[in-house]
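Bear in mind these aren't lab numbers, they're just calculated from the coordinates by the rules spelled out. Being a predicted model, the structure only gives us computed values, none of them experimental. Neighbour counts run over all protein chains shown; Cβ positions are idealised from the backbone, glycine included.
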Amino acid sequence: QKEVEQDPGPLSVPEGAIVSLNCTYSNSAFQYFMWYRQYSRKGPELLMYTYSSGNKEDGRFTAQVDKSSKYISLFIRDSQPSDSATYLCATISTDSWGKLQFGAGTQVVVTP
Amino acid sequence: GAVVSQHPSRVICKSGTSVKIECRSLDFQATTMFWYRQFPKQSLMLMATSNEGSKATYEQGVEKDKFLINHASLTLSTLTVTSAHPEDSSFYICSAMNTDTQYFGPGTRLTVL
């Protein structure tokens, strides 16, 4: 079993819809959580970073962490075709500082 | 801020040759950099952790003699794929640690013929 589980998709939504992405993790030592966006043949780009349970909002993006359930989510409001990319969740454990544990990545397609 | 560059962006080489990939943090100093490889439609696989001024730490199953890592300064780490073979063809991505967050380079696509 992988330490970070993420549905690879693809997830197809119409333009303007809310994109809902999530990951689950198994290790309680994971305390820092990130969402990266990766366009095809490009390096991942950091979207959101959080370390506490609750919601964090940045523009159209909302990251949600529930440490009691070991569940993290990313919501994208008013989705645009330019949001079409692969979204990777990642965590850092306090046991191995700096080393990211990635989910498989979810491919998102926003159709005009 | 927090920009990481990689060079070259893509390289094609013959089997048996060595290829060097550079990773630079442009606007910050990074004592720690990471090297990943990524196969099509798969997530990033950590290869090694590169620390400035010391030997790299390789993940299990990664051949340290094949993938040579040098982190000679706080803004530059290099990955050399020695005696490359077609199975080494992949997308190689570096990242640099800035405070508590990793910032990724744009990646290097290596094709070994």
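Quick notes on this structure:
- Sequence-separation-based contact order of chain A, relative, with Cα cut under 8 Å and 6+ spacing, percent: 38
- Evaluated at q = 0.11 Å⁻¹: base-10 log I(q)/I(0), Debye formula over Cα of chain B: -0.31
- Considering only B:43, B:29, B:77, the residue lying farthest towards the positive end of the dipole of chain B is B:43, judged by Cα position with unit charges set on Cβ.
- Only Cα pairs under 8 Å and 6+ residues apart enter the sum, and on that basis the relative contact order of chain B stands at 37 percent.
- For chain A, the number of Lys pairs separated by eight or more positions or lying on different chains, with C-alpha atoms closer than 19 Å, is 6.
- The dipole here belongs to the protein assembly as shown: it is taken about the Cα centre, uses +1 on the Cβ of Lys and Arg and -1 on the Cβ of Asp and Glu, and is about 460 debye.
- The relative contact order of the range B:13-79, computed from alpha carbon pairs under 8 Å that lie at least 6 residues apart in sequence, is 35 percent.
- Note on the protein assembly as shown: Kirkwood hydrodynamic radius from all Cα pairs is 18.1 Å, rounded to one decimal.
- With eigenvalues of the C-alpha gyration tensor scaled by 5 and rooted, chain A, Å: 23, 14, 12
- Coupling constants for the range A:66-76 follow from the phi torsions by the Karplus curve (6.51 cos²θ - 1.76 cosθ + 1.60, θ = phi - 60°), and in residue order they are 10, 5, 5, 9, 6, 9, 10, 9, 9, 10, 10 Hz; glycine and proline get x.
- Spatially, the range A:44-96 and the range B:70-88 are offset by 31 Å when compared through their Cα centroids.
- Relative to its residue count, the range A:53-112 spans a Cα convex hull of 106 Å³ per residue.
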